[in-house]
Structure formats: structure tokens, C-alpha cells
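Colleague: Submitted below is the structure of interest, expressed as C-alpha cells.
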Amino acid sequence: MIPSPHTCLMNCVIGLCIKGQSWPSTLYELGYGVQVIEQSIRTGSGDQVKPDIIAVSSKHIHCLVFDCKGGASVDADQLSRYGNLRIFDLQRWVTIYAPNQLTFDLCFADLEKNHQQVIDKTEPYPLLTFGSNFILKTREFKLPILNRTFGEAINLVGMYQPFNYYPFSIDDHDAVIIPRVLRMIIKIAFSMSRGGPSALAESTFDSEDILSKIHPYWKALSMEHRKLLIIRIRDMIRRVMDSEPQLKNALVELENSRGYKIRGPLNLLQTVSEGIIKKVETQETLSKHLA
């Protein structure tokens, strides 16, 4: 199941900050790394903004504040609030060796299919557009090297859009999140025989270590976003356990198995999980057709 356009766009931007072979490492090569995701920031004027991604380059003592527009709408009030964002509003949220020299650029990101609806509404800020075969810059950054780097469209032919850096948000459909949660549940149940926690205990999914394995950028997420995801994931597990007694039974059987006897319960749990995933994906497909 493909995540929402916003989540896909988040992956595209984060992917630029990571060394990889299937996606351009454009910002990574300039020293940028993602430090903060979905953090509410109060500006000196008292306004509040919530950028999607803050990427920081120690090499250039600069941060890129990204707002990802997966849809065609742009909030004029949000744009006005971003205009009040100053460097001292960002300094407490990022880690860099020379914070007093830090500069920043606000940058919007959009998708090719919505570009014409977004381009004028994001003026005067730079805009990175992700198409099926290119990344295109509109307008200028304050940092000259970014203008040189994105001066020509970046060719994406033969490359694959990343999906795993930011696999889901609190707004994505269950069909996007459940497969990852079920895979983690299976791992937890399998490891219980070696002294790990039980997948049947709700408190297990309060663990930062476990949740960070479900969401790779867990540590970069704001505390607010983490809390919302914990609630979403725990609620999802509770609903699935209540509606799918086969899953709970399979978990009990696996957690109580030892040695060579573990293979049968493990296969059963995987089969039950695949059935749940197919059911949820079918419900998502039907809801789109009936909408």
C-alpha cells in the first residue's frame, strides 16, 4: 500500500540527505543531515509554525527548513507566520558547532501534479518540485551553493522513489502502518523465548527502542509527534487484537514455544498476519471506490 502524497514527499526530501544509490544524495553531499521532523516552533513574534523537516549542514553552518505540500492547497496564514521565523527561533532545536553563525533557508517542496496550484502561493520562497523524472528548483535560495547545486534540473530517470526513510505519519491509513507493526509484533513474539518482552503487553509498545525500529526517523520526530504515534500504534494494536482472535492465539502459541517446536507457530503467525494485511488493504481500496 502506497503512503499518502505528503508521506511520499517527506521520503523524497529526506532521501536527498542520505547517501544512497537509488536516489540522488544531493543534500548529503553538501553535508546536510535530517535533525528534526514535525516540530512546532514558536517564533519571536509569538506565532507558531510546524515545518516538516529541518536538515542541517555543519559544513555550511546552514539549515534548510522544509514544508512539504503533498496536496494543492497552501495556507496563506501559514506563509505569513513563516515570514516571522528567525534564526534564534531555530537554534534551540538544532545541533551545530557554531550556532551563532547559523543561517537558514525556508524551502517548500511539492509534487509535479500539483505544481501549478502551488508555485505562486509559495512566493517568495524557493520551491523544489519532485516529478516522475526530475527535481526542479523554482526561485532562489539565500545560500549560493544551493542555487548552483539545483541550478539545473536533477534527472531521476532510472531511479526509485524512496519509501522507507519516513514510512508513515499519524495521518496515513491503517493499511500503510499495519504491515510494519505486524512485522515488529512477530519479531517481539519470536524473541520472547530469549528473554524479550511480550508482544501481548501494551506497555511493550511504549519502548523507544521498539518504536524506533518501526519508524527509522523516530529520534528526529518531535516529542509531540512521538506521543501521537504511540497512541495511534497502541490503538491500532488493540483494535487488531480484539477483532482478530486468531492473531492473539497465534502470538500466545509462538511465545510459549521453544526450540525446534517454534517453526510451526511462527509460520502460523506469519500466515495470520498476511491475511490481516490483505483484509485491511481491501478495505482501503473499497473506501476509495465508494468515496
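The values are calculated or read from the model by the stated rules, or taken from the named source; none is laboratory data. Quick caveat: nothing in here was measured; it's all calculated off a predicted structure. Glycine also receives a Cβ, built like all others from the backbone with ideal geometry; neighbour counts cover every protein chain displayed.
Colleague: Restricting to region 152-182, name every residue that is in a helix (DSSP H, G or I) and either of a type in the set (Asp, Glu) or free of Cβ contacts under 8 Å to residues at least 40 places away in the same chain (or both).
Modeller: To start, the set of residues in region 152-182 that are in a helix (DSSP H, G or I) comprises 174-182.
Across region 152-182, the qualifying residues are Asp174, Arg180.
Colleague: Filter region 188-202 for residues that are loosely packed, with under 14 Cβ neighbours inside 10 Å and either within 24 Å of Lys278 (Cα to Cα) or at pLDDT below 80 (or both) and give the result.
Modeller: Across region 188-202, the qualifying residues are Arg194, Gly195, Glu202.
Colleague: I would also like to ask the following. Scan region 225-256 for residues that are farther than 17 Å from Arg180 by Cα and either outside the structural domain of Glu208 (by TED's automatic domain parsing) or surrounded by 18 or more Cβ atoms within 10 Å (Cβ to Cβ) (or both) and report the count.
Modeller: Going through region 225-256 one residue at a time, the tally reaches 4.
Colleague: Can you find, within region 257-291, the residue that is modelled with the highest pLDDT among those that are exposed (fewer than 13 other Cβ atoms within 10 Å of the Cβ) and part of a loop (DSSP other than H, G, I, E, B)?
Modeller: Once the filter is applied, the top-ranked residue is Arg258.
Colleague: Same structure again: Please state which of the following conditions Asn84 fails to meet, knowing it meets all the rest: (1) touching a residue at least 24 places away in the same chain (Cβ under 8 Å); (2) in contact with a Phe, Trp or Tyr (Cβ under 9 Å, 6 or more places away or on another chain); (3) at negative phi.
Modeller: (2) is the only condition that Asn84 fails.
Colleague: Now a separate question. Restricting the first residue to region 91-118 and requiring it to be outside the structural domain of Ile41 (by TED's automatic domain parsing) and under 18 Å from Phe141 (Cα atoms), which pairs with a second residue that is β-branched (Val, Ile, Thr) and surrounded by 14 or more Cβ atoms within 10 Å (Cβ to Cβ) meet a Cβ separation below 6 Å and a spacing of at least six or different chains?
Modeller: Every condition considered, no pair remains.
Colleague: Something else about it: Is there any pair with a first residue in region 38-62 that is more than 22 Å from Asp171 (Cβ to Cβ) and touching a residue at least 40 places away in the same chain (Cβ under 8 Å) and a second that is among the charged types (D, E, K, R) and assigned to a strand (DSSP E or B) whose Cβ atoms are under 9 Å apart and which are 6 or more apart or on different chains, and what are they?
Modeller: That search, which allows pairs on different chains as well, returns His62/Asp105.
Colleague: What residue, among those in region 134-161 that are among the polar types (S, T, N, Q) and modelled with pLDDT of 95 or more, is surrounded by the fewest Cβ atoms within 10 Å (Cβ to Cβ)?
Modeller: In this case the residue turns out to be Asn155.
Colleague: Output the residues belonging to region 81-108 that are of a type in the set (Ser, Thr, Tyr) and either within 23 Å of the chain's Cα centre (by Cα) or buried (at least 18 other Cβ atoms within 10 Å of the Cβ) (or both).
Modeller: Passing the criteria: Tyr82, Thr95.
Colleague: Among the residues of region 213-231, are any touching a residue at least 12 places away in the same chain (Cβ under 8 Å), over 19 Å from Leu9 (Cβ atoms) and among the β-branched types (Val, Ile, Thr)?
Modeller: Yes, that holds for at least one residue.
Colleague: Only residues that are over 11 Å from Ile170 (Cβ atoms) and of a type in the set (D, E, K, R): list them for region 207-234, please.
Modeller: Answer for region 207-234, where residues must be over 11 Å from Ile170 (Cβ atoms) and of a type in the set (D, E, K, R): Glu208, Asp209, Lys213, Lys219, Arg234.
Colleague: Suppose the filter is of a type in the set (Lys, Arg) and either closer than 23 Å to His62 by Cβ or within 24 Å of the chain's Cα centre (by Cα) (or both); does Lys121 pass it? Outline the logic, then answer.
Modeller: Working: of a type in the set (Lys, Arg): yes; either closer than 23 Å to His62 by Cβ or within 24 Å of the chain's Cα centre (by Cα) (or both): no.
Taking the combined requirement at face value, the residue does not satisfy it.
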